[in-house]
Amino acid sequence: MILTEIKLRLLSIACFLGITALVSAQERFEYQGPLQVQNYTGDALYSYKIVENDTLLDGPFQLKRSSLQALLEKQDISFLFKGKFTDGVATDAWRFQFGEFQSDSQSNVVNFEYRVLISGRQEEGSGDLKNGKPDGLWTYQVNQIKDSEKEKRLFKSDITFENGVPQRNFQIENEDVILVGRFLRNGLAHDEWTSYNVNVIENTESWFFEEGLLRKIQQIDEDGIEKDIPVYGINEDDYEIINLDKDFIEVLRISLGPGQISESFSEGLPNVLAANAGYYEKIDGILSKLGTSDFKPKFKVQVPSFPLDTLEQANLKILVTEYKKAEEISKSLLNNSHLNILKRSDENTQFYYNCIAKIQKDFLDPTKDFVRLGRRDLLQFIKRDTYISRIWSKTRPSTVINVSIDSIGTQKSFLLPNASDLDFTGNDIATIKQLVSYANLSLNSIKNKLSEQLFNAEQEQELIDLEERLILKNEALMEQIDSVKATLPIEYAKALQNIQNLADESLSKYALIEDSKEKFQYGTIINNCFTHLSNLSSSVAELPTQVIEIDSLYQDSVWNPFMAVLMDEDVKKRLTSAYKKVLVPYFLKTASQELNCESIVVLENEIQGSYQKMLLLREEDTKKLERKLRREENPKTIIQLFNVQPIKAEE
């Protein structure tokens with residue numbers, strides 16, 4: 001199925017062309033215009049047909065983008081997707097290009113054409129598709145371009161497919177490694193896969209497969225020293241076929257254990273496989289959005305299978321949940337700035353902080369990979385007893401958590417009640433579940449013990465931060481009012497001074513409150529109030545300018561035949577009179593009288609709402625409104641007639 005936006009676009013075109021239900025469902029149409037597929041937006045040209053109200057791409061398809069202007073200004077992100085669809089399925093020859101280019105903006109004239117040299121990076125994948133799957137030889141290469149010439153090849157893969165299944169020999173390479181190998185007809189890795197270091201040919205790594213089962217890894221360093229690492233034997237009870245991807249690499253790392261993997265393993269063969277999979281995934285994402293696609297490398301291997309029974313699955317589910325909770329508590333407490341300050345002066349806080357760090361180090365960090373593998377359903381391919389025994393190869397954590405609480409190494413212990421029944425010595429999922437659950441319970445207990453201290457410290461800091469904001473806002477308000485008060489008529493200056501008085505009175509009241517909780521609550525209220533006071537003072541200071549703007553707006557140029565000149569004439573006088581003679585004086589009077597943090601919100605809304613309404617009414621039919629305003633002197637009624645939406649006073 002293609003993108004919903006393509007469906008809507010094509011259906012709208014069909015309606016525009018007058019296509020009805022009587023038109024044959026197999027009739028093909030063409031579209032030429034803009035199209036977005038994932039993050040790629042460009043110019044499209046394609047054929048399609050409508051079958052049972054579903055729009056299917058059918059025929060040649062092209063989507064491309066390039067911009068000379070973008071190239072000359074900064075950088076051009078170009079692309080080209082060209083191929084064919086049959087009944088919504090990608091088929092036949094396809095080409096994908098992705099480019100990121102820059103230019104030095106210098107051009108040359110060659111054969112009556114201006115030519116601009118470009119530098120950057122270009123990716124290109126090409127080959128045939130059959131039923132949306134790669135079929136035949138597919139080549140993907142990434143080149144570094146300099147001055148419109150290929151400077152260096154960054155990546156290349158040549159893989160032969162048959163109906164989506166990799167076949168025969170293949171080669172993948174990047175700047176550092178060349179990987180060669182082969183597949184059986186069923187896509188299983190087979191025989192020797194060898195990666196060569198481009199810079200040191202002698203430094204090689206070979207994987208030996210037997211019908212998909214990796215039997216051994218052979219590494220030869222630059223000194224010619226050979227090392228064989230046995231991987232999977234043939235005496236396991238069960239095997240399962242999986243993709244040779246990052247999950248298989250992860251299973252392999254865990255299965256082999258520490259010390260078995262060379263640097264070339266992490267930077268060589270798995271790296272080129274992952275890069276190739278990423279490029280194929282990019283193409284698959286594009287094709288899947290346009291139609292039906294199954295464009296994946298599908299390299300297959302066999303691995304021993306150790307299925308989890310029902311109890312193990314239940315324990316793993318609990319374990320993953322408990323770990324997530326414990327990790328969140330641990331990280332939040334260890335990164336808590338107040339706790340880090342408190343521990344320097346309070347011995348008890350220092351003790352609990354060190355316990356948290358100990359739990360993180362001894363309980364959570366070692367089980368991180370185990371939990372991650374469980375989330376990705378990979379534990380079924382790992383000998384869990386062997387893996388667990390390696391996690392704590394030296395000392396298992398204990399229910400008694402001993403930590404140092406001073407510079408001379410004085411020890412103090414943390415122990416949850418009823419912890420004697422717990423046993424951390426096993427090598428199974430149930431043991432890991434017990435261990436992580438104990439860590440979670442311990443962290444919750446510590447968190448509760450620290451909560452009051454943290455709350456008081458955090459509230460004290462919040463109060464300090466709040467007071468700083470209040471002082472800054474009050475100073476800004478004073479500066480704002482002082483900068484305009486002397487330039488305005490006395491009634492405006494009086495209103496502004498009253499606004500400043502409310503701010504000063506609020507701060508004075510705040511200073512008299514002794515209880516820190518009440519102080520914080522009231523401070524939060526006036527902090528919000530100061531924002532509205534600033535807005536109100538701006539509204540009052542802008543009133544003279546707004547009145548002049550309204551006067552100018554409500555004037556028409558009228559021809560005076562007696563004086564033979566154009567003269568300005570006031571229009572909609574009842575509107576302007578209501579605004580200037582009733583509302584503006586009301587605004588100033590209200591602002592000059594007793595204000596509070598609730599009423600200023602309402603007044604601010606009335607001033608701005610009335611002004612905005614006057615701007616709109618100039619072009620509207622206001623005859624009915626003008627009749628209602630005749631001899632109306634109640635400002636609240638006028639505001640209501642202006643349909644200024646009321647705002648609730650904030651508590």
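The values are calculated or read from the model by the stated rules, or taken from the named source; none is laboratory data. In this text, all values refer to a predicted model and were calculated from it rather than measured experimentally. A quick note on method: Cβ atoms are made from the backbone with ideal geometry, for glycine too, and the neighbour counts reach across all protein chains shown. All accessible areas refer to the heavy atoms of the entire protein, side chains included, with ligands and DNA or RNA removed. Shrake-Rupley method; radii C 1.70, N 1.55, O 1.52, S 1.80 Å.
Some observations on this one:
- Taking 30 Å as the straight-line reach from the Cα of K572, the lysines in range (excluding those fewer than 8 positions away in the same chain) are K580, K581, K589, K613, K623, K624, K628, K636.
- Using a Förster distance of 22 Å, the FRET efficiency for T425-S305 (Cβ separation, nearest 0.05): 0.25
- Helix 246-256 and the longest principal axis of the Cα set of the chain meet at an angle near 50°.
- The length gained by stretching the chain between D515 and N528 to full extension, at 0.36 nm per residue less their Cα-Cα distance, is 2.7 nm.
- Over the chain: helical MRE at 222 nm, DSSP H runs n ≥ 4 each giving -39500 (n - 2.57), nearest 500: -14500 deg cm²/dmol
- Inter-part distance where the stretch 588-613 and the stretch 311-348 are each reduced to a Cα centre, Å: 50 Å
- Note on the stretch 375-423: the C-alpha convex hull projects to 5.9 nm² when averaged across all orientations.
- Peptides ranked, highest mean first, by Cβ atoms within 10 Å: ranges 296-307, 240-251, 470-481: 296-307, 240-251, 470-481
- Between helix 347-359 and the chain there is an angle of about 40 degrees, using the helix long axis and the longest principal axis of the Cα atoms.
- Packing-based ranking, highest mean first, of 317-326, 337-346 given that Cβ atoms within 10 Å are counted: 317-326, 337-346
- The chain, accessible surface, carbon-and-sulfur percent (1.4 angstrom probe): 49 percent
- Residues of type lysines that K227 reaches as a straight line, Cα spacing below 21 Å, ignoring anything fewer than 8 places off in the same chain: K216
- Cut-off 12 Å between beta-carbons: net charge of the residues surrounding L512, Lys and Arg +1, Asp and Glu -1: -2
- All lysines inside 26 Å of K325 as judged from Cα atoms, apart from same-chain residues fewer than 8 positions distant: K317, K343, K358, K361, K368, K412, K433, K447, K449
- Multiplying each eigenvalue of the alpha-carbon gyration tensor of the stretch 516-641 by 5 and taking the square root yields semi-axes of 38, 15, 11 Å, largest first, rounded to whole angstroms.
- Cα long-axis angle, helix 429-485 against the chain (0 to 90 degrees, to the nearest 10): 30 degrees
- Mean Cβ count within 10 Å, highest first, over the residues of peptides 274-282, 531-539: 531-539, 274-282
- At full extension, E626 and Q69 could sit 195.0 nm farther apart than now, given 0.36 nm per residue minus the alpha carbon distance.
- The local environment of D362, defined by Cβ-Cβ distances under 13 Å, has a net charge of +4 under the rule Lys, Arg +1 and Asp, Glu -1.
- Check: the chain dipole with +1 on Lys, Arg Cβ and -1 on Asp, Glu Cβ, in debye: 1440 debye
- Rg/Rh, computed from the Cα trace of the chain with Rh as the Kirkwood radius, has the value 1.12.
- Farthest toward positive dipole pole in the chain [+1 Lys/Arg, -1 Asp/Glu at C-beta], among L435, L273, F587: F587
- Take the convex hull of the alpha carbons in the stretch 310-458; its mean projected area over all directions comes to 9.5 nm².
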